[in-house]
Structures are given as structure tokens and as C-alpha cells.
Amino acid sequence: MKKHFSKWMALVLALTMLCLCLGACGEPDTPVTDPAASTGKPTDKPADTTGSTQPSSEPITITFWHTYGDSEEAQFRDVVLPLWEKVHPDIHVEAVRQDSSQYHQMIVTSFGTGMSPDVARVDIANIAAYAKQGGLAALSDYADFAELSGNYLEAPLSTNLYQGKYYGLPLDTNCKAAVVNTNVLKSLGLDEVPATMEAFIEAAKARGTYSLNVSGVGDWDMYPYFWLFGGELTDDGFTKATGYLDSDKSIAAMEKIVALHNDKVLTIRDVDGSVDAWDGINSEYAMFFEGPWYFGSYEDCTAKGIVAATIPTYEGRSASVVGGEDIAVFATSKYPEAAYEFAKFMTSEEVQLAMLEAGQLPILKSLVDSEAVQNNPVWSVYMRQMESAKARIPSPNNSAIQEIWSEMVTGIFVDGADVAQSLHDAAAKIDEQLR
């Protein structure tokens, strides 16, 4: 009896399983749809054009590395991120502040470990090196880049160029402008900041003591003078120095700087052992070139008669050197379109104005004459100066190029090396670094 009961139970279970299978097979075919479509929630996702595994329906998280200081981080966290979350509620940004002293090495290491962020704020000097290593996405490959890039100031944008493509967007910028002691100017017989360097030089020669100070022989210190007096580094694409760095115009520019040094108009601290500009501007020097941070360090500038001014023109041109940071999308990002959207968002007018409140100068042409910029006596000067600022050579071998430049200038001013030959030799060496 027990044996028959077991067979009967097995038959019942088999029939039950068959019914369940038939019921499942009888469900109507339903296409797979975006869950957001059934809830009415927008996805706000750009189309995937790079083969990304980016989902189009589920909320995602992208990681943003940065080295903002305390005040900038607070402004980013409390003002900028809420703006992003309002527009893109389905894309969470995990912002990670990194140690600036270790930041470059962290990024380089991340390329080999696969632990790179999706997007990061990086120094303009490192974009080309990261691109060469294959670590960054070429943003100029996106269809809207050509139109988008027209919004940016030329010098900050150019820092993203490597071998014909752009691997980032300008994020914040700075440059050198003139820091002028108007009281010392009066001792030169000048009642106001002169419009031309010719007028300043003539007055400074009559004074007989150093009126201009340059801190060192490096590119950040010397390039503005070299460009101001007509020098050039490379072609527009940063591919060749020969024919540019050693051109007649460049030779004349360097010889002009040497003549001003010999005439005691201009002193180079690291060559002459002269008083540092930040101290000497209080009473000794009439002018030096520095970034906007100088005025953040001295609240009593106005009381001392120290003002910001655009660098006086020479033969009708002004010149400066650009600094700052770019924002780049990393090649290993799982969500490159979302990262690119965030990068563009960070360069929008609303965000740029928000970060300006924390002292980050904007990179948009449209904000040069904005009320927020023009109402500030320092920001307005530096944004005007940006229009004549130039980028240092964006190259993966930036450090080597800096060394070549510094050794060349040291040879000229310390060892008395021939200017033309020094520029010719340096151009050939830099060509090797640009290949």
C-alpha cells in the first residue's frame, strides 16, 4: 500500500509542476522597458556613443577627484553640488578631496591599477602627460565640443590640447598681472600706472636703481617678459620650437631683457640675490608681475598704495602667462557621458559665478565683462589680462622643457652665454621633447 501511495504522490507532483510550467509559458510577451518610463521619472542621460556599459535607467554614481582648498570645497559642496543634483537627480557625484602634494602621483598610479576616478580637476601642466599615457578621454571627439569650445577663453582652452585633440575643459584660471606700488612710481616721476612699458622703462632708467623684480629664471617668471618684448616659443600647435624660440624676434626679446638687467631696470632675485618682490614691493620696487593671490594675502594693499594693473604694453602688445586647472574625463570611466555632462556643467555660467565667490577666476568669455567681475578691482584687472595671456607649452615632457628653459636663461644671465646661440641650442633640445 505504501509503495502505491508513493507512486501516486509522485504523479501528483509531476502534474503540478507541468501546470506551473504551462502557466508561465502562457504569459503574454512583454518588451523590456526603461523602469523610468513606467514611473514618469526622466533619465536625463546623453546617448552612449563610446561603447560604455552605462545603464540608461538606474541611478548611477560618478567619482570626482579634486584638490580644492577649504573655502573652495565648501562652495562646491554647499552651492554647486545642489545645483547639479537638481538638474541630474539620477547621477550622484561622489566628490573626493585629495592631498595636493600626492595628487599627481595618485593619478598616474591609478592608470595602472584601474582605480581612476570618472572625472577630475587637474593642473593644466599635466593634461598632456595624462593624455599620452592613455588615461584621458578625448573630449573634442564629442559632437558638441566644437560649439562648446567657442565659449572659453583661448589661453585656458589651449592647455587641453595634445596632438590635435582636446583632453579636458578649462575649469578655473589665473595669470600674472602687474602689482604696482603707486608711491614708488611717484619717485620715478610717474603719477599713475603708465599705459606703456616704454614709458616705464624710460622713467626707471633715470631712477638708477632696480624698479622691476623677477623672482627666478623659470618659465612662470620669465615667459611674460619674453612674450611682452616679442619672443615666441613654438608654432601654434606646440609641435616645433626651432624657427620660433631662436627666431630674430625671440633673440631681440631676450637681448632686451638682458639690456634691462644691465641697465638696473630689472633684477632677477635668483641671479642677483636681490630682495624678494613680495617684500620689496612695499618700498623698493615699483612693479612686479604676480597672480591674484597676492592681493588675497595683503588686506592693507590699498593703504600702502599697492594696486593691480594690466601689464603695460610694449610696442602695442601686453602679455602674461596662464595658470589654473582643467577638468578631464578618464578613459576608464564606466559612465563617460555622465562624466562629460558633469564636466560641462562645471564650466557653465552659474557654476563659474558660484566658484568665483570662492576666488576661482572664470574661464568663460561671457563673464569677462560681467557685473561680478567688474565690481571687483582685482578680478576685473586679471580677467582683462587673461585676454593677452598665453599657455606654457602643453607637453607630456613639460618638466624637461622647463629645465631646458631654466638652464638656458641661467647660462645667459649668470655665465654670459651668447643669446642667439643659447636660444638656438635650446630650441633644438625642446624639439626633441615635442616629438
Given charges at beta-carbon only (K, R positive; D, E negative), |dipole| of the chain in Debye: 1380
query: Which residue fluctuates the most in the chain, going by a Gaussian network model with Cα springs under 10 Å, if the choices are Ala417, Ala308, Ala120?
result: Ala417
message: Suppose every Lys and Arg Cβ carries +1 and every Asp and Glu Cβ carries -1, with no other charges. What dipole size does segment 126-271 come out with about its Cα centre, to the nearest 20 debye?
response: 480
message: Run the reach check for Lys240 against aspartates and glutamates, Cα to Cα strictly under 15 Å, same-chain hits fewer than 8 apart removed. What comes back?
response: Glu232, Asp425, Asp431, Glu432
query: Put +1 on the Cβ of every Lys and Arg and -1 on every Asp and Glu Cβ in the chain; which of Ala358, Pro89, Ile268 then has its Cα farthest towards the positive end of the dipole?
result: Pro89
- request: Please report, in debye to the nearest 20, how large the charge dipole of segment 44-197 is about its Cα centre when each Lys and Arg carries +1 at its beta carbon and each Asp and Glu carries -1 there.
  value: 500
message: Going through the cross-link list Lys186/Lys256; Lys334/Lys365; Lys132/Lys390, which pairs have a Cα-Cα distance over 30 Å in this structure?
response: Lys334/Lys365
task: Find which of Ser158, Gln402, Thr332 sits farthest along the positive direction of the dipole of the chain, computed with +1 on the beta-carbon of Lys and Arg, -1 on that of Asp and Glu, about the Cα centre.
output: Thr332
statement: Along the dipole axis of the chain (charges at Cβ: +1 for Lys and Arg, -1 for Asp and Glu; origin at the Cα centre), the most positive-end residue among Phe200, Thr242, Thr182 is Thr242
query: Which residue, Lys334, Lys249, Lys186, tops the fluctuation ranking in a GNM of the chain built on C-alpha contacts under 10 Å?
result: Lys186
query: Among the helices of the chain (complete DSSP H runs), which have Cα atoms covering no less than 18 Å along the helix axis and a Kyte-Doolittle mean of at least 0.0?
result: 2-25, 248-262, 398-413
- prompt: At a probe size of 1.4 Å, how large is the accessible area of Ile124, to the nearest 10 Å²?
  reply: 20
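The values are calculated or read from the model by the stated rules, or taken from the named source; none is laboratory data. Computed from a predicted model, the values in this text were never measured in an experiment. For neighbour counting, all protein chains shown are included, and Cβ atoms are generated from backbone atoms with ideal geometry for every residue, glycine included. Heavy atoms of the whole protein, side chains included, go into the accessibility calculation; ligands, DNA and RNA do not. Shrake-Rupley method; radii C 1.70, N 1.55, O 1.52, S 1.80 Å.
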